[in-house]
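**Student:** Provided herewith is a single structure, encoded as structure tokens, for subsequent inquiry.
The values are calculated or read from the model by the stated rules, or taken from the named source; none is laboratory data. Because the structure is a prediction, the values reported are computed rather than measured. Because the Cβ atoms are built from the backbone with ideal geometry, glycine has one as well, and the counts that use them run over all protein chains shown.
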């Protein structure tokens, strides 16, 4: 988030190699996803980012296409969510101070209609104020934080625990 | 592809450590695989690269010997192909705009007679215009693009999805 | 260990990104975990580090939150320990000169009451003088050495062997 | 190999962190493992390196403690060997020009009596002139080449194929 009022988010442009982005290529958008600074079109999933910012007041939103979020969002899709239980690493999530915690990651069916998905996400985030992230089936993870450092910490924790969960299910 | 007409491809020389190649070591060949610039003999699989360029008009062809392409090309060899279904990452493939897509990767039996293999590959690419790549059993992946950036993106997507497929089959 | 008498340990401050720490951010504490140099509060698990230094005379203590220590500490938790048998790499552990050795890593149930955990750890280390490390369930590995180089070598060996044990149990 | 006649090998000293070695720390030994240049004692396994140089005329010998060589040398120990069949990557091994090849890696029981192990290794290498490497159970891989580049290429190929074999056995 570049500013809160008026809302200005820095966001990646669509279609570019995210691994090769330079600072000057980021766009700045308003609360209606209109580009107010920069060249290009914002990420196709901008609507999800805005839904999270609106509902959670998040300062930063991060989205990954990682192996374990892709695989486990599919494995647990019939349950509509997966649970990460009893790990010390959960303590790094905002407001969690013990490993004796059950973190739920809801799983949404993936959808190209982002407005529709954003409505579902917004409903979830209002209904489940405790969640720190969610999964899109065969797509990836969304998480957020009050700032980029917190969002990044949440990504590290959740991705690590997704791998721990995945590994534990391979017969070890 | 260095030029289209006359056809000139830059290609790696055979026998050298690919991880240590310098720009000046690349060869330039014509449509009959004759070296027109540089020192050395072109890759032993040059015939496959030319078949792909001829049939698809590809600007760049990339070939990997990766772990998951090696393993899964063997696991699915009896089926003659493997399928990557419903992944968001499929949207990065040329002309694919939705995750609701089934990407088929045909699998050829490996063969040291490249001319024979090139004939099979050419027949496949004419018969199946939608494929973005194919596998050689216990060997690796071939993919391509209109330019190097697109070919590289295709490698990233297909290699990632091969790993996702492989992991999903280990009992997670 | 910065000095032995009086006891002074350099330790990471709590709450900071361990991957981004600079030398000047380390704290120095005494045998009662009081900060004698530096700004901030010491690691929440300082009590465990001190228990190990007291009981073993360790010059350095290292603690990891790795994938395999997290997963296997859970898999073997009912046994209260796991065993690493017959690996050449065991020879890198202090006082071990053959692969014909069975290294036991005790597993403690994780606990937020560090004083209580430290008491258990101290009892174990007095009762089992041969152990080179222990696991906290769904948390990670603790190991130590006479200096940082030895502690680091112990981390490398134990983490490698935990992965070897984990992989061997996946049906290979 | 620094020179062939008289035989001089450059070898790592024992006990030092191999990841931190500098060029000046390598020792030079003769055919009886006596140090002729440098400070320190040569690797504890020097006898194996010399046996390989003697029997194969190798210019370089490389030894790894990798995860898959450690795990699979144990999985297949009852068979006394493991086989790598039909992989394209086998073509990078000296004198192998087709994927239609079955590469055997003999497996020896690990032993701290290196002289005894060297005798076994020497007998094997005379009896099986085609092997490009062997495994020590729960220890690692030995391979060699006419020079360091060839030995390194052999390590890359064999380690890759060990992983491919391991992965293929995990139910993919």
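**Student:** Which of the residues spanning the stretch A:48-64 are more than 14 Å from residue A:143 (Cβ to Cβ) and part of a helix (DSSP H, G or I)?
**Tutor:** Scanning the stretch A:48-64 gives A:50, A:54.
**Student:** Which condition does residue D:31 not pass, out of (1) in contact (Cβ under 8 Å) with a residue 60 or more places away in the chain; (2) outside any helix (DSSP H, G or I); (3) touching a helix residue (DSSP H, G or I) at 6+ places or on another chain (Cβ under 7 Å), if it passes all the others?
**Tutor:** (1)
**Student:** How many residues does the stretch C:48-73 hold that are touching a helix residue (DSSP H, G or I) at 6+ places or on another chain (Cβ under 7 Å) and within 11 Å of another protein chain (Cβ to nearest Cβ)?
**Tutor:** Looking only at that region, the number is 8.
**Student:** Picking from C:136, C:82, C:141, C:117, which residue would you name as being more than 9 Å from every other protein chain (Cβ to nearest Cβ), crowded, with 22+ Cβ neighbours inside 10 Å and in contact (Cβ under 8 Å) with a residue 60 or more places away in the chain? Spell out the reasoning first.
**Tutor:** Numbers: C:136 fails: more than 9 Å from every other protein chain (Cβ to nearest Cβ); C:82 fails: crowded, with 22+ Cβ neighbours inside 10 Å; C:117 fails: crowded, with 22+ Cβ neighbours inside 10 Å.
The unique qualifying residue is C:141.
**Student:** Take residue D:51 and tell me if it is surrounded by 21 or more Cβ atoms within 10 Å (Cβ to Cβ) and over 30 Å from residue B:16 (Cβ atoms). Walk me through how you get there before you give the answer.
**Tutor:** Numbers: surrounded by 21 or more Cβ atoms within 10 Å (Cβ to Cβ): yes; over 30 Å from residue B:16 (Cβ atoms): yes.
Considered against the rule, which asks whether it is surrounded by 21 or more Cβ atoms within 10 Å (Cβ to Cβ) and over 30 Å from residue B:16 (Cβ atoms), residue D:51 comes out as yes.
**Student:** Residues that are in a helix (DSSP H, G or I), surrounded by 12 or more Cβ atoms within 10 Å (Cβ to Cβ) and modelled with pLDDT under 95: does the stretch C:65-74 have at least one? If you could, list the steps in order and put the result at the bottom.
**Tutor:** Here is the first cut: in the stretch C:65-74, the residues in a helix (DSSP H, G or I) are C:67-74.
Those left that are additionally surrounded by 12 or more Cβ atoms within 10 Å (Cβ to Cβ): C:67-74.
Going one step further and asking which of them are modelled with pLDDT under 95, we end up with none.
Checked the stretch C:65-74: no residue is in a helix (DSSP H, G or I), surrounded by 12 or more Cβ atoms within 10 Å (Cβ to Cβ) and modelled with pLDDT under 95.
**Student:** Sticking with this structure for a sec: Residue D:153 passes all but one of (1) more than 14 Å from chain C (Cβ to nearest Cβ); (2) touching a helix residue (DSSP H, G or I) at 6+ places or on another chain (Cβ under 7 Å); (3) farther than 16 Å from residue D:58 by Cβ; which number fails?
**Tutor:** Every listed condition holds for residue D:153 apart from (3).
**Student:** Let me ask something else. Quick check on residue C:105: is it in contact with a helix residue (DSSP H, G or I) (Cβ under 6 Å, 6 or more places away or on another chain) and at pLDDT 95 or above?
**Tutor:** Values: in contact with a helix residue (DSSP H, G or I) (Cβ under 6 Å, 6 or more places away or on another chain): no; at pLDDT 95 or above: yes.
Criteria not met by residue C:105.
**Student:** Considering the stretch D:100-114 alone, what residues qualify as being within 13 Å of another protein chain (Cβ to nearest Cβ), within 30 Å of residue B:111 (Cβ to Cβ) and buried (at least 20 other Cβ atoms within 10 Å of the Cβ)? Steps first, answer last, please.
**Tutor:** Step one: filter the stretch D:100-114 for residues within 13 Å of another protein chain (Cβ to nearest Cβ), giving D:100-103, D:108-114.
From what's left, within 30 Å of residue B:111 (Cβ to Cβ): D:100-103.
Once the filter is applied, which keeps residues that are within 13 Å of another protein chain (Cβ to nearest Cβ), within 30 Å of residue B:111 (Cβ to Cβ) and buried (at least 20 other Cβ atoms within 10 Å of the Cβ), the stretch D:100-114 yields only D:103.
**Student:** Being modelled with pLDDT of 95 or more and under 29 Å from residue D:100 (Cα atoms): is that true of residue B:90 here?
**Tutor:** On the way: modelled with pLDDT of 95 or more: yes; under 29 Å from residue D:100 (Cα atoms): no.
It is false that residue B:90 is modelled with pLDDT of 95 or more and under 29 Å from residue D:100 (Cα atoms).
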